[in-house]
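Report on the following structure.
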Amino acid sequence: MANNKEHITEKYVTGKGELTGFIALTKPSTKFNKQGIFSTYILLDKKDGEALVNKMKEVRTEQFKKYGKGTKVAELQCNPYEIVNEETGEATPDPKGRYILTAKANAYIENGKIGYRPQIINAKKQPVKNISIGEGTIARLGVTLSGYSVAGKTGVSVKLGMVQIIDLVEYIGGGFSTDMFDEEEGFDGVGEEFDDSPIVTEDGSEEEEEDEEADF
């Protein structure tokens, strides 16, 4: 069976969609990969979702023809979205017929430095930095669809390359916003910036310092 690094690739820009679930676009997660992973999920409307699925199938078919002889077809990373009932755990098809796409990129962290990060731009196509991106943000993703034929399977990976923020919803830890508070007389200092910022883990929490007596 095929086990090679040759692959068909194609650049693709999604339609506008809603970012959802765990979002790690400005800071990589290291929970499951020490090199760090940038990732996001995006909800696409039915038309855009189907168009992306068709393109991914085209890439997968070409990959299979050239490099995938003897392999089985792997599932795609873009699928019809399902809504899960939090109480029963039951999943039902999204009434809007939306699709959900998973896009990731390796951060290649080495010696504390990030080797790769997806570029983030605003609606006017200008680069932006140091923004906190939360669920509900409307965006478009620039991805590389890359066919693979390894371990007896032929499929398509989705590498995150660029994110265009159309309508930003900032992430507020703990679900609080300054709008919920009244301005008061009293402390009016701003303090200093933190020396180091924690890396976000895959479950959305922040990694804490290890206890000196912890077992390894």
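The values are calculated or read from the model by the stated rules, or taken from the named source; none is laboratory data. Keep in mind that this is a model prediction, so the values were computed, not measured. We place every Cβ from the backbone using ideal geometry, glycine too, and count neighbours over all the protein chains shown. Heavy atoms of the whole protein, side chains included, go into the accessibility calculation; ligands, DNA and RNA do not. Shrake-Rupley method; radii C 1.70, N 1.55, O 1.52, S 1.80 Å.
Tabulated data
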item	result
Solvent accessible area, Å² - residue 159, 1.4 Å probe, full protein context	90
Ranked order, 10, 183 - accessible area, probe 1.4 Å, largest first	183, 10
60, 140, reordered so the largest accessible area comes first (probe 1.4 Å)	140, 60
Span from the the stretch 15-63 Cα centroid across to the the stretch 77-104 one, whole angstrom	14
Relative contact order %, the stretch 34-152, counting alpha carbon pairs below 8 Å whose residues are six or more apart	35
Gain upon complete extension [residue 114, residue 128; 0.36 nm per residue less C-alpha separation]	3.3 nm
Computed accessible area, residue 100, all protein chains, 1.4 angstrom probe, square angstrom	40
Which of 87, 18 is most accessible, then next, and so on - probe 1.4 Å	87, 18
When each of 16/124; 65/104; 27/104; 11/124 is checked by Cα-Cα distance, pairs over 23 Å	65/104
Amide proton proximity set for residue 73, modelled H, under 5 Å, gap of 5+	154
Theoretical FRET efficiency, 1/(1+(r/R0)^6), r = Cβ-Cβ of residue 182 and residue 90, R0 35 Å, to 0.05	0.25
